[in-house]
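Please read the structure below before turning to the comments.
The values are calculated or read from the model by the stated rules, or taken from the named source; none is laboratory data. This one's a predicted model, so the numbers in the text were calculated from it and none came from an experiment. Note that each Cβ is placed from the backbone with ideal geometry, even for glycine, and that neighbours are counted across all protein chains shown.
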Amino acid sequence: MVEIVDWARNLLTSRGALVEEEAGVLRAMLSPELARDLDAGEWLSLRFGAGVRSDDESEWLERFGRLLPPDARVTGARLRHPRLVPTVDSARLLDRDLAIQNGIYRLAEDYQATARYYFFSFQYTMESDETSLGVWTVCLNASARSLVSQPESMLKAVADDLEEDPGFVRDRLAIERDELKQLFPMALRSAQPEIRRLAQGMELNASRRMARDSERINGYYRDLLRQIDKRIARHEGDAQAAEKERSRAAATQLDRTAKLADLARRYAVKIRIEPGDVLAVSLPVREISARVIRKKAERAAKFHWNPAAGGLESPWCESCFGRAHPVFLCDDRVHFLCKSCLAPCASCGRQFCRACQRKCKCGAAA
Ligand SMILES: [Zn+2]
Ligand SMILES: [Zn+2]
Ligand SMILES: [Zn+2]
């Protein structure tokens, strides 16, 4: 089981940083490029785990994820026989499935097109006093910049008709260098909260067991300390004996603190995510081209309807790369956003786009 500290150290070292670790604190000197990628200073000092002064593990998992190369095995596939996609009622689809909350669209046209889908698989390990393993698949449509909500069922619908894609094999290097490099961090960001959600059950169980065990430990030490107190009272006339008992009490308290810290370590849920294989599949879709308008700003956009997926695909949120459904638009650049990436600032209440700016202008942390 690799903990985030080891993982981060390996990753930073592999990217040329000078890294040292001492008593659980990771210190690193980063190149300017690396600091920029991580959105950090050139001197990095991180402490993970329980405690008030420790750094947010999930936030750093996300930042470090940006450094990962997609060195997974990549396969390209397409349909064995070309297929015609039936025409659709595009206006109805946009109204029903896109559900723009604060803007409108103008339809241009719709036609048959080919979309390239990337199925990224991530193996995850969740470990506390029990272990759970699994695979999470994220499917991105690179052509329409949308997220497929049920990748497994879409893959199942076409699996029997797939063959290796000679076009993909030919262009593979370019694709891997450009498209995959761009998409991989998005897929990872989109997978992380889902995998965290899967871990919630384990976290709940672990904290329940931890509460039970800490109660037992506290009870045991409470009795011990009570006995020592009695002895101190009994030794009222004997200063030396009383002092001895008092230092025994101090040692007992230290012992209890150490036992409780052990417990917290044992029950802490550690999540490790590793990139697995990538499958790139070209599939026929109905492409709907439209202009999306928010107040005075507008942008051109393409939306895909794939018979193998059911409804219209939702664009990915251009800030968190989760599913933007329903779609919220930002005022300046008409970014497609999920609800929480256009939420009001917790401090000043002003709404702002997390894709345009990481922090609110009032200066409050995100
Ligand atoms: Zn979002
Ligand atoms: Zn604010
Ligand atoms: Zn924006």
- [ ] Test Leu279 against the stated conditions and say whether it is in a strand (DSSP E or B) and under 30 Å from Leu133 (Cα atoms).
- [x] yes
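In the list Ala301, Ala364, Ala308, Ala261, which residue meets the criterion of being away from ligand 1 (no atom under 14 Å from the Cβ) and assigned to a helix (DSSP H, G or I)?
Ala261
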Open item on the list: Checking Glu287 against (1) touching a helix residue (DSSP H, G or I) at 6+ places or on another chain (Cβ under 7 Å); (2) more than 16 Å from ligand 1 (Cβ to nearest atom): exactly one of these is not met. Which one?
Closed with: (1)
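Could we say that Val334 is of a type in the set (A, V, I, L, M) and within 20 Å of Gln357 (Cα to Cα) here?
yes
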Task: Condition broken by Phe321, with the remaining ones in (1) within 10 Å of ligand 1 (Cβ to nearest atom); (2) surrounded by fewer than 21 Cβ atoms within 10 Å (Cβ to Cβ); (3) closer than 22 Å to Leu183 by Cα satisfied - done: (2)
Open item on the list: Regarding segment 337-359, can at least one residue be identified that is free of Cβ contacts under 8 Å to residues at least 60 places away in the same chain and within 17 Å of Val148 (Cβ to Cβ)?
Closed with: yes
Open item on the list: Considering only residues that are within 14 Å of ligand 1 (Cβ to nearest atom), surrounded by 19 or more Cβ atoms within 10 Å (Cβ to Cβ) and not aliphatic (A, V, I, L, M), which ones fall in segment 327-361?
Closed with: Phe328, Cys330, His335, Phe336, Cys338, Cys341, Phe352, Cys353, Arg354
- [ ] Can you work out which of the residues in segment 208-262 that are small (Gly, Ala, Ser) and surrounded by 15 or more Cβ atoms within 10 Å (Cβ to Cβ) is nearest to the chain's Cα centre (by Cα)?
- [x] Ser214
Open item on the list: Being crowded, with 19+ Cβ neighbours inside 10 Å, more than 16 Å from ligand 2 (Cβ to nearest atom) and either in a loop (DSSP other than H, G, I, E, B) or on the phi < 0 side of the Ramachandran plot (or both) is the requirement here; does Arg266 meet it?
Closed with: no
TODO: Could you tell me which of the residues Glu130, Glu164 is under 27 Å from the mean Cα position of the chain (by Cα), charged (D, E, K, R) and surrounded by fewer than 15 Cβ atoms within 10 Å (Cβ to Cβ)?
DONE: Glu130
Open item on the list: Could you go through segment 317-332 and let me know if any residue there is under 25 Å from Arg106 (Cβ atoms), among the polar types (S, T, N, Q) and in a loop (DSSP other than H, G, I, E, B).
Closed with: yes
Open item on the list: Criterion first (surrounded by fewer than 23 Cβ atoms within 10 Å (Cβ to Cβ), part of a strand (DSSP E or B) and free of Cβ contacts under 8 Å to residues at least 40 places away in the same chain) does Arg291 satisfy it?
Closed with: no
Open item on the list: of a type outside the set (Gly, Ala, Ser), outside the structural domain of Glu194 (by TED's automatic domain parsing), in contact with a helix residue (DSSP H, G or I) (Cβ under 9 Å, 6 or more places away or on another chain) and more than 16 Å from Leu93 (Cβ to Cβ): is that true of Cys320 in this structure?
Closed with: yes
Open item on the list: Out of Ala268, Ala264, Ala290, I need the residue that is modelled with pLDDT of 95 or more and among the aliphatic types (A, V, I, L, M). Which one?
Closed with: Ala290
Open item on the list: For segment 320-366, which positions are within 16 Å of ligand 2 (Cβ to nearest atom) and under 21 Å from the mean Cα position of the chain (by Cα)?
Closed with: Ser340, Cys341, Leu342, Ala343, Cys353, Arg354, Cys356, Gln357, Arg358, Lys359, Ala365, Ala366
TODO: Name, by its number, the condition in (1) within 16 Å of ligand 1 (Cβ to nearest atom); (2) touching a residue at least 60 places away in the same chain (Cβ under 8 Å); (3) of a type in the set (A, V, I, L, M) that does not hold for Val269.
DONE: (1)
- [ ] Starting from segment 210-225, keep only residues that are within 11 Å of Ala264 (Cβ to Cβ), then list their pairs with residues that are hydroxyl-bearing (Ser, Thr, Tyr) whose Cβ atoms are within a distance under 6 Å, requiring at least 6 positions of separation or different chains.
- [x] Met210/Tyr267
Open item on the list: I'd like to check something: does segment 271-287 contain any residue that is among the polar types (S, T, N, Q), away from ligand 2 (no atom under 16 Å from the Cβ) and surrounded by fewer than 23 Cβ atoms within 10 Å (Cβ to Cβ)?
Closed with: yes
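Residues are listed down the side, and each one gets a yes or a no for (1) away from ligand 3 (no atom under 16 Å from the Cβ); (2) farther than 30 Å from Ala157 by Cβ:
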{"residue": "Pro307", "(1), (2)": "yes, no"}
{"residue": "Gly322", "(1), (2)": "no, no"}
{"residue": "Phe336", "(1), (2)": "no, no"}
{"residue": "Gly349", "(1), (2)": "yes, yes"}
Task: Qualifying position, being within 18 Å of Arg96 (Cα to Cα), within 12 Å of ligand 3 (Cβ to nearest atom) and of a type outside the set (D, E, K, R), among Leu312, Leu329 - done: Leu329
Open item on the list: Let me spell it out: the conditions are (1) at pLDDT 90 or above; (2) farther than 30 Å from Leu147 by Cβ, and Leu204 meets all of them except one. Which number is the exception?
Closed with: (2)
